[in-house]
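Here's the structure we're looking at; comments come further down.
The values are calculated or read from the model by the stated rules, or taken from the named source; none is laboratory data. All figures in this text were calculated on a predicted structure; none of them were measured in a lab. Please note: Cβ atoms are built from the backbone with ideal geometry, for glycine as well, and neighbour counts cover all protein chains shown.
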Amino acid sequence: SPALRLTAWGRPPSLADVDVPDPGGTEVLVRVEAAGICHSDLHVLDAAPGALPYRLPFTLGHEIAGQVVAAGSAATGVADGDRVAVHGPWGCGECRRCAAGEDNYCHRRAELAFSGAGLGRDGGMAGHVLVPHPRHLVPIGDLAASQAAPLTDAGLTPYHAVAGLTLAEGAAAVVIGAGGLGHVAIQLLRALTPARVFAVDVREEALELAARSGAHRTLRPGPDTAAVLRRETGGGAEAVLDFVGSDPTLSLGAGVLRPAGSLVIVGSGGGKLTIAKPGVLPPGVSVSLPFWGSARELREVIALARAGRLRVETEPFPLTAAADAFQRLREGRIRGRAVLLP
Ligand code: NAD
Ligand code: ZN
Ligand code: ZN
């Protein structure tokens with residue numbers, strides 16, 4: 001069946017026929033029902049040769065949901081027919097972090113030639129995906145796969161980022177970039193914190209989605225945005241979540257924070273921010289670089305969605321139209337998350 005394969009750096013991925021793998025040992029074979037397209041996939045496609053530790057070729061797709069169809073003899077706790085979301089970060093499987101389901105912070109991360117499904121290992125933009133161990137599977141019951149798939153990253157990553165914040169009544173949170181991750185971040189901030197939520201995006205459509213997602217105030221960035229936000233927050237934001245990570249967004253974030261605030265950098269936009277004392281950041285500010293989230297957090301995200309407290313805005317595409325969907329994401333023509341259906 002067709003799979004979207006990355007075969008050479010700097011070249012677009014292409015659909016190729018691959019054999020359905022046979023699970024052995026602890027492996028579980030999942031028939032893919034949906035696979036989300038993340039902006040990180042574009043960063044991978046655009047990476048210079050040697051910039052990433054991944055070995056080619058591999059199948060893209062790190063936001064996956066589907067159905068268990070076969071398992072190796074050592075794969076316990078799963079049964080054929082189980083509908084699951086795949087916890088995408090895969091680590092060494094042996095360190096303390098991996099044992100705790102925190103493969104995103106695997107101690108051997110720097111030695112591994114992969115970050116997870118579809119990131120150096122064959123992922124879910126295919127008919128099937130081979131998952132190395134059942135600990136990476138989270139049951140989804142009757143949740144739609146087109147919801148469950150993006151929740152594994154566009155849901156999980158903001159959930160982990162928000163979980164690291166303490167936002168009391170009266171606090172302000174600024175979300176920069178209301179795309180796939182950002183619009184879910186806004187919903188999570190509203191569902192889990194009492195913060196007043198400000199959203200900044202360059203696209204009108206994204207600001208409309210931000211408002212529908214619960215943002216109290218939406219703004220297009222301009223030269224006076226930091227000043228406007230400082231004024232409207234009564235002196236600055238307690239938290240800035242940057243889902244872009246470019247030079248202008250990092251400096252906007254730095255200019256909006258109040259003392260002892262939190263700068264949470266999620267986007268891999270290639271920007272730089274100089275940390276210095278004294279420097280551009282107010283006193284007491286914490287800077288964090290969260291990566292993805294844990295298996296336990298994914299269970300919590302799935303539970304929120306099943307309870308109707310979270311909804312990813314999605315645009316479906318057949319897997320055969322992947323090239324078009326990638327191009328639309330690149331051009332900022334996706335509302336919420338694009339999801340591929342094999
Ligand atoms: P996306 O393309 O769906 O959304 C990005 C949004 O940012 C868009 O709405 C775009 O209009 C907006 N934007 C772009 N430039 C802007 C600017 N200067 N000011 C304000 N808004 C701007 O992307 P996504 O899939 O949500 O991913 C966002 C970023 O997060 C990417 O860099 C991705 O690689 C990264 N990411 C990080 C993690 C992690 O674990 N840290 C996980 C997933 C994705
Ligand atoms: Zn991603
Ligand atoms: Zn590990």
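Assorted remarks:
- Criterion: out of contact with any helix residue (DSSP H, G or I) (no Cβ under 7 Å at 6 or more places or on another chain) and not polar (S, T, N, Q) - qualifying residue of Ala145, Ala173, Ala154: Ala145
- Taken over segment 317-334, residues that are surrounded by 18 or more Cβ atoms within 10 Å (Cβ to Cβ), within 14 Å of ligand 1 (Cβ to nearest atom) and either closer than 16 Å to Glu204 by Cα or small (Gly, Ala, Ser) (or both) amount to 3.
- Output for segment 1-24, where each listed residue is in a loop (DSSP other than H, G, I, E, B) and either in contact with a His (Cβ under 9 Å, 6 or more places away or on another chain) or crowded, with 16+ Cβ neighbours inside 10 Å (or both): Ser1, Trp9, Pro13, Val18, Val20, Pro21, Pro23
- Residue in segment 27-40 that is assigned to a loop (DSSP other than H, G, I, E, B), over 21 Å from His128 (Cβ atoms) and within 16 Å of ligand 1 (Cβ to nearest atom) present: no
- Residue list for segment 192-213, filter: under 11 Å from Glu313 (Cβ atoms) and either of a type in the set (A, V, I, L, M, F, W, C) or assigned by TED's automatic domain parsing to the domain that holds Glu300 (or both): Ala206, Leu209, Ala210
- Segment 236-263 residues that are closer than 18 Å to Thr193 by Cα, paired with ones that are modelled with pLDDT of 95 or more and among the basic types (Lys, Arg) (beta carbon under 6 Å, 6 or more apart): Gly236/Arg230; Gly236/Arg258
- The residues in segment 284-316 that are surrounded by 19 or more Cβ atoms within 10 Å (Cβ to Cβ), within 16 Å of ligand 3 (Cβ to nearest atom) and of a type in the set (D, E, K, R) can be counted, and the count is 0.
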